[in-house]
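The structure appears below as structure tokens.
The values are calculated or read from the model by the stated rules, or taken from the named source; none is laboratory data. Keep in mind the model is a prediction, meaning the values are calculated, not measured. All Cβ positions, glycine included, derive from the backbone under ideal geometry; neighbour counts span all protein chains shown.
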Amino acid sequence: GVPHPRWPQNMERVLGKDTYRPTEMFNGYGEMVAGLYTNLEDQMLYR
């Protein structure tokens, strides 16, 4: 994919503030959902 020129996805705005922070994997739920993505290396996840 091609990154959008005005909305980079490596940073996200903190709600209610004028600050940004690095975007977390799976929107911060990485540890909770990691098990859903194991053993999927050979499967097509999107088209």
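Output the residue which, of all residues in the stretch 1-20 that are assigned to a loop (DSSP other than H, G, I, E, B) and of a type in the set (Lys, Arg), is surrounded by the fewest Cβ atoms within 10 Å (Cβ to Cβ).
If we filter the stretch 1-20 for residues that are assigned to a loop (DSSP other than H, G, I, E, B), which is where we start, we get 1-10, 14-19.
Of the ones still in play, those that are also of a type in the set (Lys, Arg) are 6, 17.
On the way: Arg6: 5, Lys17: 8.
Ranking the candidates gives Arg6 first.
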Of everything in the stretch 21-37 that's surrounded by 10 or more Cβ atoms within 10 Å (Cβ to Cβ) and in a helix (DSSP H, G or I), which residue is modelled with the highest pLDDT?
Val33
